1. Cβ-Cβ under 6 Å, sequence separation 6+ or interchain: first residue in segment 86-106 and closer than 25 Å to Thr75 by Cβ and of a type in the set (Gly, Ala, Ser), partner at pLDDT below 90 and open to solvent by less than 10 Å² (accessible area, probe 1.4 Å). Which pairs?
2. Give segment 103-115 a look and list any residue that's open to solvent by 10 Å² or more (accessible area, probe 1.4 Å) and closer than 12 Å to Phe161 by Cα, or say none.
3. So which residues in segment 127-151 are surrounded by fewer than 12 Cβ atoms within 10 Å (Cβ to Cβ), at pLDDT 65 or above and within 24 Å of Arg69 (Cα to Cα), if there are any at all?
4. Inspect all residues belonging to segment 200-214 and state whether any of them is within 19 Å of Val33 (Cβ to Cβ) and open to solvent by 100 Å² or more (accessible area, probe 1.4 Å).
5. For Leu81, which of the numbered conditions (1) over 29 Å from Ala175 (Cα atoms); (2) open to solvent by 60 Å² or more (accessible area, probe 1.4 Å) fails to hold?
6. Checking Ala208 against (1) within 22 Å of Arg117 (Cα to Cα); (2) assigned to a helix (DSSP H, G or I), only one condition comes out false. Which one?
7. Scan segment 33-60 for residues that are open to solvent by less than 40 Å² (accessible area, probe 1.4 Å) and in a helix (DSSP H, G or I) and jot them down.
8. If you scan segment 170-199, which residues turn out to be over 30 Å from Ala154 (Cα atoms), of a type outside the set (A, V, I, L, M, F, W, C) and open to solvent by 80 Å² or more (accessible area, probe 1.4 Å)?
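The values are calculated or read from the model by the stated rules, or taken from the named source; none is laboratory data. Remember, predicted model here, so these are calculated numbers, not experimental data. Neighbour counts run over all protein chains shown; Cβ positions are idealised from the backbone, glycine included. Note: areas computed on protein heavy atoms with side chains; ligands, DNA, RNA excluded. Shrake-Rupley method; radii C 1.70, N 1.55, O 1.52, S 1.80 Å.
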Amino acid sequence: MTASGPPRRPLLFARNLFLPADLGGNRYPYEVVRRLGERGHPVPVATPRLHDAFPPLPGVRYHFYPVNRRHPALTHVTNVLGGTLGLRPLRGQRFPVALVGSYDAAMALGWSGVVPRTPMIFLFHSEFYSEWVQALRRSSPRALARRAIRAYMAAVERRVFGLSARLVAVSEFSARQIRSRAPEVADRVRVIPTGVDTGYFVPPADPAAAKRAV
């Protein structure tokens, strides 16, 4: 027991990129993890070690796994395989929920056996994006490869959506994307708009000084 009540059970968080300094899409998962830790939840974070900017956060401990980013296809494969191996030691732990911020991490959770034993909440920001597919030219020899990869990407989406106990969409547009791809999981979709940390994103007291500092 603690002064504020019984100890809280760990909430697992998994993502293929954890980059707090990024003010784009990577800031959102960092804020989720930070705030959960500050509220007293132990949060194991499973992610590849791609940099050395992993700040110490209250209640947060990192579980790193290897990944190779020499090519987008290799990045995806090693994220799934590395994540699977890195998550297997956590199979014996009882988590009330696993929060997942990427398709690679969601697939690794399924392959490792952590999910569906642990209910998974998938944080959906966009369709499964592949730089590899985007880079393929529209020439005839590549067209077949492009179609095959797109079919694989669609299969990954269906797999991840099917594994998810809940799917959190950041907008109604995102919710419609999920439902159009997997109508059978429509009742699991919840829309929670991305918030803004007004303590971090705040107008400067001296705009002129801020401009000079840029």
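1. Cβ pairs passing all conditions: Gly101/Pro29.
2. Answer for segment 103-115, where residues must be open to solvent by 10 Å² or more (accessible area, probe 1.4 Å) and closer than 12 Å to Phe161 by Cα: Tyr103, Met107, Gly110.
3. Across segment 127-151, the qualifying residues are Ala148, Ala151.
4. Looking through segment 200-214, at least one residue is within 19 Å of Val33 (Cβ to Cβ) and open to solvent by 100 Å² or more (accessible area, probe 1.4 Å).
5. Status for Leu81: all satisfied but (1).
6. Just one mismatch for Ala208, condition (1).
7. Scanning segment 33-60 gives Val33, Leu36, Gly37.
8. Within segment 170-199, just Thr198 meets the criteria.
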